[in-house]
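Values in this text are rule-based calculations from the coordinates and carry no lab data. Predicted model only: the values in this text are computed from it and were never measured. No Cβ is skipped: glycine too gets one built from the backbone with ideal geometry, and neighbour counts run over all protein chains shown.
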Amino acid sequence: MITRNETSRRFRNIVVTFIAIIICFLVGFTSYAYFKVKKYQGVILPGIKIGGLDLSGKTKEQALKILGEKQNSIERNNKITIKAEGKSYYIQYSNLNIKYDINSALDEAYSYGKEGNIFKKYLDIKKAKKKEFYS
């Protein structure tokens, strides 16, 4: 026959075991989130794009160089065609003096996921896979 004292002890052991499991889970998840956030410290989060260019894992300087090269390529290799009254006119992008605000878009992309506590940063890393910025 099980006494009331034995039942109380079993219940207490179950509760203590359950609490220990929850604490282990929380410590494990917090550790995982911490190291995931630390991995992306100083670089652009995975999945972040600017103007269609994937800049995942790049430092700010690397991303600025990539964006600058892309802008120069666009200016050199593209032209606008205007057709009017049966004639075609061509204007090179470089003649239009179009300027993109690369630094502003880069600052916004780089700072995404860098503010808040560890859990907010972790969630931002998870959401970043769908984030795109434009200059």
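Do any of LYS36/LYS99; LYS58/LYS99; LYS70/LYS129 go past 26 Å between their Cα atoms, and which? Among LYS36/LYS99; LYS58/LYS99; LYS70/LYS129, the Cα-Cα distance tops 26 Å for LYS36/LYS99.
For the pair LYS65 and LEU96, a Förster radius of 25 Å applied to the C-beta separation gives a FRET efficiency near 0.60, rounded to the nearest 0.05. In terms of other Cβ atoms within 10 Å, ASP101, ASP54 run from fewest to most in the order ASP101, ASP54. Measuring r between the beta carbons of ASN103 and LEU26 and using R0 = 41 Å, the FRET efficiency lands at 0.50. Calculated FRET efficiency, PHE119 to PHE11, Cβ-Cβ distance, R0 = 35 Å: about 0.60 to the nearest 0.05. Projecting the Cα atoms of ILE66, SER31, GLY86 onto the dipole axis of the range 1-105, where Lys and Arg carry +1 and Asp and Glu carry -1 at the beta carbon, places SER31 farthest toward the positive end.
When you restrict to C-alpha pairs under 8 Å that are six or more residues apart and normalise by the size of the chain, the relative contact order lands at 30 percent. Charging the Cβ of each Asp and Glu at -1 and of each Lys and Arg at +1, and nothing else, the dipole of the range 1-119 about its Cα centre rounds to 460 debye.
For the range 38-99, averaging the sequence separation of C-alpha pairs within contact (under 8 Å, six or more residues apart) and dividing by the residue count gives a relative contact order of 19 percent. One entry in (1) -0.55, -0.88, -1.20; (2) -0.44, -0.80, -1.16; (3) -0.36, -0.84, -1.28 is log10 I(q)/I(0) by the Debye sum over Cα atoms at q = 0.10, 0.16, 0.22 Å⁻¹ calculated from the shown coordinates; its label is (1). The angle between the Cα long axis of helix 102-111 and the longest principal axis of the Cα atoms of the chain comes to about 0 degrees, rounded to the nearest 10. Within the listed set GLU69, GLU108, GLU85, the residue fluctuating most in the Gaussian network model of the chain (springs between alpha-carbon atoms under 10 angstrom) is GLU85.
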